[in-house]
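Following: one structure in structure tokens, then a few remarks.
Nothing in this text is a laboratory measurement; each read-out follows from the coordinates by a stated rule. Just so it is clear, the model here is predicted, and its values are computed rather than measured. Cβ placement follows ideal geometry from the backbone for every residue including glycine, while neighbour counts extend to all protein chains displayed.
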Amino acid sequence: MSDLTVFRHLFYCAVLALGSLLPTSYSWSHGSVVDSGEGCVIRMDFYSAHFSIFQPQTRGHRQFCEDLPDVSESVFVLEYLHNSLREVPVDFRIIRNTSELGRFVRWQDVEALDNIELLTVFHQHVPPRPDGVLSVMHAFVERGNYVGIVTAPHPDQDTLYHAVFPFSVGRPLWQRADVLLLSLFAVLAAAFYTVRKKRRPI
């Protein structure tokens, strides 16, 4: 068996092991937040905005799309991509995610809640922003799973548009995908080195 074949076998085994370690609620899906290739974008029907989150007290200027590593002050920033969004008020809410759907929560699930006020940890009604930038700050005090909800009306019609993005705060280190992937590659590198060393003629 060649070294490359051994390495491939180890890689497939490691990937399967990684999949079994990830929590069932973990998903690469980001709800209404998507990676545009040039940063994250939040979509509300035909409205959209560049989207980023900062934790200045603990992470400086590092930007996040959703999952936040620390239980800390967090600043949510939307930079509007449509002029019509500058003309309307925007409702920004964060609720605790108690749904069994985890990452798969959508607006229909939020709409069906009969206790949204009890679940709400942050709510702010933002007036129209002519400069096209919405910025809100919330200091989280508990780790856990949350759902962000952004609502904006049509400028002329009696229609509301919604964006829903599930995210976590203070996720334990062993559950974070970046740490798991780094660990995976470290294990693969060590295994490949060990196999090469054993197969090297004396």
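Computed over neighbours whose Cβ is under 10 Å from that of Phe54, the net charge equals +1, Lys and Arg +1, Asp and Glu -1. Computed from backbone phi with θ = phi - 60° and the Karplus coefficients 6.51, -1.76 and 1.60, the 3J(HN,Hα) list for the stretch 88-97 is 10, x, 10, 9, 10, 9, 10, 10, 5, 8 Hz; x is used for glycine and proline. Taking 18 Å as the cut-off, the amide N atoms of the stretch 151-172 that come nearer than this to a point 7 Å along the Cα-to-beta-carbon line of Ser72 belong to 168-172.
Explain nothing, just the number: relative contact order of the stretch 33-173, from Cα pairs under 8 Å at least 6 residues apart, as a whole percent. Mind dumping the intermediate values first?
Numbers: 313 pairs, mean separation 41.7, N = 141.
RCO, the stretch 33-173: 30 percent.
Close amide H pairs (under 5 Å, H built 1.01 Å from N) link Arg129 with Val88, residues at least 5 positions away or on another chain.
Within 14 Å, Cβ to Cβ, of Arg106, how many net charges do the neighbouring residues add up to if Lys/Arg are +1 and Asp/Glu are -1?
Computed value for this residue: -2.
Summing charges over all other residues whose Cβ lies under 13 Å from the Cβ of Gly31, with Lys and Arg as +1 and Asp and Glu as -1, gives -1.
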